[in-house]
Structure formats: structure tokens, C-alpha cells
Amino acid sequence: MGKSAALRSPTWQHVHVAITTTSIAHVRLTVTDIERSRQFYESVFGWPILLEVPDNADAATRRRLSFLFGGVIYDLGGALIGLRPVATDTFDEDRVGLDHIAFRTGSKAELDEAAKHLEQLGIHHEPVKDIGPSYILEFRDPDNIALELTAPK
């Protein structure tokens, strides 16, 4: 009792046709304070806003965009990142769910520039690390969500 349906039923173990995907379409992060999170993500990344509820939206527009929960969706070009302001606790990568989210940069030089940008913004980060197949730069958002920038070797 109490086990999820996927664990109760071994049917999924016998399916031989896998689902084909090409990339991640979007990720939505739950945050505690939308204004603080928006300021952080917009100053760090500068992503263009794809979708948000306008301040002057009428009732019909607010209903149509209610899936945003007062948040925002950014367009990264090949994927979307959303912020959903409904959380009341802080991120913990040791709980089931998200461990961290990584964003690819083009080179180690770009990673080094990103480290300087974070420093200018007063955002604590780890040193750029060589982890074998790539370089990484780790830092956290205001809700303690672990973020990583990667660069190829």
C-alpha cells in the first residue's frame, strides 16, 4: 500500500518501444518570491520574456494565463524556463526531484566571463572546475536552487 501505480504495476518494464525525444522543451522552477527571483534570473542571464500576465490584464486574460500562477516564462531559444511562485520552503537537492539545472556555454572563456559577471552582481559561486569532459561553474539562486554553467573542453 502507498506505492505509486508505476511501482505496483510491472507493465512498464515489458514495453519495448521507447518514446523518442529531441530535447527538453521546458523546465519550471518553483520559487518563494517572484520579484526576487525575476531580478536574479534577469540580471544573471538576461533571457527574453516569452510569457507573463500583464499588470493591466483583464479578467479573461488572467484566466487564460492562470497556469503561470503569477510567474513568468523565459525563452532560451531552444527551451523555456519558467518561474512559478508557489513554494513556501527552500530547495534541497537531497530530496526526491531536481538535483540541479545546468546551462551550456560555448567555451571556457565564456565560463570565465560568466564568473566575472556573477562577481559583479555579488553572487557567490564556486571556482571554475575541470571535471574531465567539461568545465563547470556552480552557484545558487535566491531559493538555494543549484545552478551550473558548463563549457566543453
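Just so you know, all these numbers are worked out from the coordinates, no wet-lab data involved. In this text the structure is predicted, and so the values were computed from the model without any measurement. Quick reminder, even Gly has a Cβ in these numbers, built from the backbone with ideal geometry, and neighbours come from all protein chains shown.
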Dipole of the chain, positive direction: furthest Cα of S23, A115, I49, with charges on the beta-carbon: S23
Net length gained if the chain between K116 and I49 were fully extended (0.36 nm per residue, minus Cα distance): 21.7 nm
Charge dipole (debye, nearest 20) of region 34-127; +1 at Cβ of Lys and Arg, -1 at Cβ of Asp and Glu: 420 debye
Centroid-to-centroid separation of region 22-81 and region 103-153 [C-alpha atoms, Å]: 23 Å
Potential extension, T32-V17 segment - 0.36 nm per residue separation minus Cα distance: 1.4 nm
Simple spin-label estimate for Q39 and R95 in nanometres, 7 Å along Cα-Cβ: 2.5 nm
Most mobile of A18, A115, A59 in a GNM of the chain (Cα contacts under 10 Å): A18
For the chain, calculated [θ]222 nm from helices alone, where every DSSP H run of n ≥ 4 adds -39500 (n - 2.57): -6500 deg cm²/dmol
Correct choice for Kirkwood radius over Cα pairs in Å that was computed from the model, options [x] 18.0; [y] 18.8; [z] 16.8: [x]
Within region 83-109, backbone nitrogen closer than 14 Å to the virtual label 7 Å beyond the Cα of E126 toward Cβ: 93-94, 99-103
Residues with amide H under 5 Å from that of H26, placed H, sequence gap 5 or more: L80
Relative contact order (%) - the chain, alpha-carbon pairs under 8 angstrom, separation at least six: 22 percent
Virtual spin-label span in nm between A87 and K153, 7 Å along Cα→Cβ: 3.3 nm
